[in-house]
């Protein structure tokens, strides 16, 4: 099945020093770009994270400090990847909760502009959980009836995600999607805009600290102000903004919070 693309679609995966978006770093990145004409381009790098790789992380992806000591840093390749991803939409497995926030954070640290808000984001894991509820290896086995090879290498995971998304669309094209209460929330179609709305429309910041409610308002998704409108909290408790800006939150979360504050207080 050929994907119906208006823009190039970049399937990507990261291996990292850990799972803390604000503190950990990328040590491997792989991007497979599918163009609307069906052509496929690839770009991948091992990277020096400039911080030690914990043994617990090496046990998962097999990348050690010795493997990356002579490799470029993300900052050194950031402009190359920004250019490679320019004008493309994004896809991957569990990228909304981890890979996209981590990638954006690294671009921000490198001082390279990467505006994900203009991109459609299609998370194959979200479609999988909406329709079947389960890991990338399980999804690969379910949709393709074979086992993944080289699991937890970035390129193998990105490649598997590409195959899984295509298989998902072949299996579910035209089927409706319902929430936990049985309410229809959309349908699966070979259209990246439709898939973007199904998998990432509630997102305000990539770490999920803020989401949109049924009214479309940005609300906090954590802590004592969970489900309260962000602007209401910032008006009633101005110190909360300063607390978040000085806290251990991802740079993207702080940037989105500031944008909401400025846009709301101008009205």
Simple label model, 7 Å out from Cα along Cβ direction - residue 197 to residue 132, nm: 2.6 nm
For the chain, with a Gaussian network of springs between Cα atoms less than 10 Å apart, report the residue from 131, 192, 210 with the top mean-square fluctuation. 131
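Taking the inverse of the average 1/r across all pairs of different Cα atoms in the chain, what Kirkwood radius in Å do you get?
19.6 Å
Can you tell me how much longer the chain between residue 4 and residue 22 gets when fully stretched, taken as 0.36 nm per residue apart minus their C-alpha distance, in nm with one decimal? Show your work: numbers first, answer last.
On the way: separation 18, 0.36 × 18 = 6.48 nm, distance 3.52 nm.
In short, 3.0 nm is gained.
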For the chain, modelled as a Gaussian network with Cα springs under 10 Å, which listed residue fluctuates most, 183, 83, 226? 183
Report Rg (one decimal) and Dmax (nearest whole number) for the range 211-266, counting Cα atoms only, units Å. 10.5, 30
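Relative contact order of the range 9-200, please, whole-number percent, based on alpha carbon pairs below 8 angstrom and at least 6 residues apart. Walk me through the numbers before you get to the answer.
Details: 312 pairs, mean separation 40.9, N = 192.
Taking the mean separation of contacting Cα pairs over the length of the range 9-200, I get 21 percent.
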Among rounded, prolate and oblate, which fits the range 8-150 when a ≥ b ≥ c are the square roots of the eigenvalues of its C-alpha gyration tensor, a/c under 1.5 means rounded, and a/b larger than b/c means prolate? oblate
Taking the Cα centre of each part, how many Å lie between the range 176-241 and the range 1-48? 25 Å
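Could you grab the relative contact order for the range 1-110? Cα pairs under 8 Å, six or more apart, rounded to a whole percent. Let's see the in-between values first.
Numbers: 167 pairs, mean separation 34.6, N = 110.
Answer for the range 1-110 is 31 percent.
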Fewest to most Cβ atoms within 10 Å: 26, 60, 260 sort as 60, 260, 26
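Rounded if a/c is under 1.5, else prolate if a/b beats b/c, else oblate: with a ≥ b ≥ c from the C-alpha gyration tensor eigenvalues square-rooted, which is the range 31-95?
Numbers: a/c = 2.72, a/b = 1.82, b/c = 1.49.
Cα axes put the range 31-95 in the prolate bin.
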Have a look at 240, 140, 116 and tell me which one the Gaussian network model of the chain (Cα, springs below 10 Å) gives the largest fluctuation. 240
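Here, each number is a calculation from the coordinates, and none is a lab measurement. Since this is a predicted model, take the numbers as computed values, not measurements. For neighbour counting, all protein chains shown are included, and Cβ atoms are generated from backbone atoms with ideal geometry for every residue, glycine included.
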